[in-house]
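The values are calculated or read from the model by the stated rules, or taken from the named source; none is laboratory data. Worth saying up front: this structure is predicted, and the values here are computed from it rather than measured. Here the Cβ positions follow ideal geometry from the backbone for every residue, glycine too, while neighbour counts run over all protein chains shown. With ligands, DNA and RNA removed, areas are computed over all heavy atoms of the protein, side chains included. Shrake-Rupley method; radii C 1.70, N 1.55, O 1.52, S 1.80 Å.
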Amino acid sequence: MIAFIGTGLLGANFTRALLRKGEKVRVWNRTASKARALEPDGAIAFEKVSEAVRGVSRIHITLSDDAAVDQVLAAAEPALETGAYILDHTTTSMQGAIDRTKIWAEKGINYIHVPVFMGPANALDSTGYMLISGDEQLIQQVLPFLSTMTGKVLHFGPEVGRAAAIKLMGNSFLVTLTAGLSDMLGVGKSMGVPNEDILKLLENWNVGASAPARLERIMSGNYDNPSWELQMSRKDTRLMLEAAEKAGRHLAILPACAAEMDRWLDKGYAHKDWTIIGSDHR
């Protein structure tokens, strides 16, 4: 028997996937109707989280944040069995994951933070990525069933909280990527580029393939022999900003990039590779 706590878009599809694999799943959600909506799929819905977890040794959680996880686990605590596994897929703070791991271990409960890079479709199809770190013996105990729920489990070593940090770091890329795409659209629309041409470019030019090499260059600290000089990158950025300003288009990311480039130009790095703007964090 499995309990799934939190049946929003992600949790609901995780539950459906488990049911399709023949698992028996109890469900609970703060909005009870979302849990009951899974009953036609074969789930057993409960009004109280304590009843959903009673007698269950494997409990999955997909909630909104640290506060929600702490609140729900506090309500579930009286019914939790010693030795139970709590597998928390919520995106939380690193410190929250560290604190919960310690607190629940002291109570005889195995709390493991397993954040994911998975959308609802991934949860239903058991694709995407789960992240895990912490006690190796405990990880080996849970890997067999986690592996059936995702395309790949990425193991980031023994440090508790490292998976939470990796998840937030990855999400920072997704946030800035989306803002960057918005700016790209803004620049394109400023010059009358139609959507089909924008899509054609990205369908043929796999810019994402260059990300690992670009990251390695930033981390290497070697910005000599540039492939794109900082001064030339800044010139192109000026042209983008001018086009957007002329068309009255708001840009979110490029103005900040221009300011950062100017900071490095003022330091005398005009002829270095433009990736030097990331060197503060290497």
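What to note about this one:
- Residue in region 168-188 that is farther than 30 Å from THR62 by Cβ, over 27 Å from the mean Cα position of the chain (by Cα) and modelled with pLDDT of 95 or more present: yes
- Test result for ALA259, at pLDDT 95 or above and either open to solvent by less than 40 Å² (accessible area, probe 1.4 Å) or within 18 Å of HIS281 (Cα to Cα) (or both): yes
- Meets criteria (free of Cβ contacts under 8 Å to residues at least 12 places away in the same chain and of a type in the set (A, V, I, L, M)) for ALA67: yes
- The lone criterion from (1) open to solvent by 80 Å² or more (accessible area, probe 1.4 Å); (2) under 17 Å from LEU87 (Cα atoms) left unmet by ILE139 is number (1).
- Output for region 1-50, where each listed residue is among the charged types (D, E, K, R) and buried (at least 16 other Cβ atoms within 10 Å of the Cβ): ARG16, GLU23, ARG26, ARG30, LYS34, ARG36
- Residues within region 52-69 that are among the acidic types (Asp, Glu) and surrounded by 16 or more Cβ atoms within 10 Å (Cβ to Cβ), tallied: 1
- For LEU177: the one exception among (1) open to solvent by 50 Å² or more (accessible area, probe 1.4 Å); (2) within 27 Å of ARG16 (Cα to Cα): (2)
- Within region 227-250, the set of residues being closer than 18 Å to ARG263 by Cβ, under 33 Å from the mean Cα position of the chain (by Cα) and among the charged types (D, E, K, R) comprises GLU229, ARG234, ASP236, ARG238.
- Just one of the listed residues (ILE112, ILE98, ILE132, ILE103) is in contact with an Asp or Glu (Cβ under 8 Å, 6 or more places away or on another chain), modelled with pLDDT of 95 or more and over 13 Å from ALA3 (Cβ atoms), namely ILE112.
- Only residues that are buried (at least 21 other Cβ atoms within 10 Å of the Cβ), among the small types (Gly, Ala, Ser) and on the phi < 0 side of the Ramachandran plot were counted in region 103-136, giving 2.
- Filter result for the condition that a residue is more than 22 Å from SER279 (Cα to Cα) and either of a type in the set (Gly, Ala, Ser) or in contact with a strand residue (DSSP E or B) (Cβ under 6 Å, 6 or more places away or on another chain) (or both), over SER147, SER172: SER147
- Applying a threshold of 6 Å to beta carbon distances and a minimum spacing of six or more residues, or different chains, the list of pairs starting in region 179-203 at a residue that is free of Cβ contacts under 8 Å to residues at least 24 places away in the same chain and ending at one that is surrounded by 14 or more Cβ atoms within 10 Å (Cβ to Cβ) and hydrophobic (A, V, I, L, M, F, W, C) reads GLY188/ILE198.
- Search result, residues across region 232-252 that are in contact (Cβ under 8 Å) with a residue 40 or more places away in the chain, in a loop (DSSP other than H, G, I, E, B) and open to solvent by 50 Å² or more (accessible area, probe 1.4 Å): ARG249, HIS250, ALA252
- Any hit, region 153-165, residues being surrounded by 16 or more Cβ atoms within 10 Å (Cβ to Cβ), farther than 27 Å from SER50 by Cβ and without any contact (Cβ under 8 Å) to a residue 24 or more places away in the chain: yes
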